[in-house]
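Visitor: Questions regarding the structure given below will be posed in turn.
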Amino acid sequence: MPTFTALTTLPGKAAAEKLGAAMEALDPEPTGVGVFEVEDGSGLWEVGGYFTDPPDDTALTLLALAVGAKPFVISEVPETDWVAHVRRELAPVAAGRFFVYGSHDADQVPAGAEPLLIEAAMAFGTGHHGTTLGCLRALDRLADAGVVGQNVADIGCGTAVLAMAAARIWPNPVRASDIDAVAVDVARSNAAANGLEGRVLCLEAAGFDHPDLLAASPFDLVFANILKGPLIALAPDMARHLAPGGHAILSGILNEQADEVIGVYADVGINLVHREEIVDWTTLTLGRELP
């Protein structure tokens, strides 16, 4: 059965949410509607719907005009086996000593590499995105510099690939938390698939708000590969839970947002050590000075 999409952009959250609500009343009705802020600093919002029957172009045009949106772009999405597609298109990724791969590429793991198995169905967090790749490279640089993380946390862990990388090279268990229960289940599955049960401790939590994280604090390394807004909101807690002399590896930051994040963290005593841009994304390695 074909699927159709209808997408538009417009300025302003309120107008975007109004348009999304209006789309839900269309006939034929969409199977789903999404309203998202475009993460490029433009202030635009994207509104889109999925349909199993061709959507009413005239009705969509009228809705767009009513809220000042651009005309909808309607497309038919071809039927695709996405897991098979990802397996074909996503080659293994090398990030310093780390090698991120799917089970279909198990025979390509180089001798001496630190292997991290992430199945193709879990496309984000495989290392192909500039944010994850940047974090793995940052970890590799710290390890090359002689840093040994004794107490590590991965906040907003997703697939837990960063937590697993730290657990591969350092002796103690790593705590991996995410606000989303599904992500925590995925993280546990990935840890098990990599033989890291008991070495990666997966927790459902918003930021550091979990008894196990609070009890383990302060940390000498914290990963937070999330987005600019949550990173800025996390800064005061990061200052409370990062040990003196510890490091934070932050990503999910568009290149043009990096200076703002650096400034916010400097204000709480956590300063820039290294920054790397990969395509549109910046990864920051920050350090808290010793007293």
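The values are calculated or read from the model by the stated rules, or taken from the named source; none is laboratory data. What you see is a predicted model; the values in this text were computed from it and never measured. Ligands, DNA and RNA are excluded from the accessible area calculation, which covers all protein heavy atoms including side chains. Shrake-Rupley method; radii C 1.70, N 1.55, O 1.52, S 1.80 Å.
Visitor: Would you mind working out the accessible area per residue for the range 138-291, using a 1.4 Å probe, and quoting it in Å²?
Guide: Details: 6210 Å² over 154 residues.
So the range 138-291 comes to 40 Å² accessible per residue, rounded to a whole number.
Visitor: Over the range 105-254, consider all pairs of different Cα atoms and compute the Kirkwood hydrodynamic radius from their mean reciprocal separation; express it in Å, one decimal. Before the final figure, lay out each step's value.
Guide: Numbers: mean 1/r = 0.0655 Å⁻¹.
Radius from the Kirkwood sum: 15.3 Å.
Visitor: With everything on Cα atoms, drop me the angle between helix 57-67 and the longest principal axis of the chain, reported from 0 to 90° to the nearest 10.
Guide: 70 degrees
Visitor: Another question, if that's okay. Roll a 1.4 angstrom probe over the protein heavy atoms and tell me the percent of accessible area of the chain that is carbon or sulfur. Walk me through the numbers on the way to the answer.
Guide: Values: 7520 of 13710 Å².
Carbon-and-sulfur percentage of accessible area, whole number: 55.
Visitor: Something else about it: Could you give the semi-axes, largest first, of the ellipsoid that matches the chain, computed as the square roots of 5 times the alpha carbon gyration tensor eigenvalues and rounded to whole Å? Walk me through the intermediate numbers first.
Guide: On the way: eigenvalues 280, 115, 54 Å².
Listed largest to smallest, the semi-axes of the chain are 37, 24, 16 Å.
Visitor: Continuing with the same structure: Provide Rg over Rh for the range 181-269; use the alpha carbon set for both Rg and the Kirkwood Rh (inverse mean inverse pair distance).
Guide: On the way: Rg = 14.3 Å, Rh = 14.3 Å.
We get a ratio of 1.00 for the range 181-269.
Visitor: Near LYS18, which aspartates and glutamates are there with a Cα under 15 Å away, not counting those fewer than 8 places off in the same chain?
Guide: Partners found: GLU37, GLU46.
Visitor: Taking 0.36 nm per residue of separation and subtracting the Cα-Cα distance, what length does fully extending ASP144 through GLU17 add?
Guide: Numbers: separation 127, 0.36 × 127 = 45.72 nm, distance 4.77 nm.
Stretched out fully, the ASP144 to GLU17 stretch lengthens by 41.0 nm.
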